[in-house]
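K.L.:
Once you've had a glance at the structure underneath, I'll fire off some questions.
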């Protein structure tokens, strides 16, 4: 088996960096003290762009339910396009491919640049399928899968809201229901990738496992989106 000399990102380190990035984006959305006139325009533009990329990457509205308004088809399409060309999407795919490379998953692709390229293409393909199917279904069914912070204060109501947000979407009237588009997009990404994967990852059971992991990850990140800004905001304000 070909050996690779490149070091890959430790999964726990990658997760920590991810959480800090989400917190920084939420902090960037909040009002801050005026900067000196000579630097304020450039700094504000850079912070706003970074925050927008983070919110797009994790499908966060950066608002509470009371600020919800139905998305037009043009707005949905714009968000979909931005999610595909977001620079941070490529970084996330690269990190995920690095983790799979470290785990030698799937083992048929071995190591080295060739194996990493296949893993990168696989993850990017699944992500593109998922986002495309989700966009198509959400447009047809008028579902909004963006995460709106609950606006609640107690821990358990916020926790339950986060769990529900992993499988629910908002309708045009603001009410929430089962998200056929989110679940359908996740299933499409998991199962439609099987034909190009090697035998160790190509079965329907492998697709079901991938689907279950992705749905569980959606719920876990809903907790992160709900609670991390509260934890990180006081820390970030000191810097």
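No lab work stands behind these numbers, since they all come straight from the coordinates. These numbers come from a predicted model, not from an experiment. FYI the Cβ positions are ideal-geometry reconstructions off the backbone, even for glycines, and counts take in every protein chain you see.
K.L.:
At 0.36 nm per residue, and after removing the present C-alpha to C-alpha distance, how many nm does the segment from residue 153 to residue 132 gain when stretched out fully?
P.N.:
Values: separation 21, 0.36 × 21 = 7.56 nm, distance 3.47 nm.
That works out to 4.1 nm of additional length.
K.L.:
Okay, moving on. So between residue 196 and residue 140, what do we pick up on full extension, going 0.36 nm a residue minus the alpha carbon distance?
P.N.:
17.3 nm
K.L.:
So for 170, 194, fewest C-beta neighbours within 10 Å to most, what's the order? Please report the intermediate quantities before stating the final value.
P.N.:
Details: 170 22, 194 14.
Listing 170, 194 from fewest to most nearby Cβ atoms yields 194, 170.
K.L.:
Also: With labels modelled as points extended 7 Å from the Cα through the Cβ direction, what inter-label distance (nm, one decimal) is found for residue 171 paired with residue 50?
P.N.:
4.1 nm
K.L.:
Using a Förster distance of 22 angstrom, determine the FRET efficiency expected from the C-beta separation of residue 223 and residue 67, and round it to 0.05.
P.N.:
Values: r = 21 Å, r/R0 = 0.96.
So, using R0 = 22 Å, E works out to roughly 0.55.
K.L.:
May I ask you to work out the translational diffusion coefficient for the range 121-239 at 25 °C, viscosity 0.890 mPa s, via Stokes-Einstein with Rh from the Kirkwood sum over Cα pairs, reported in whole µm²/s? The partial results should precede the final answer.
P.N.:
Values: Rh = 15.7 Å.
My calculation gives 156 µm²/s for D.
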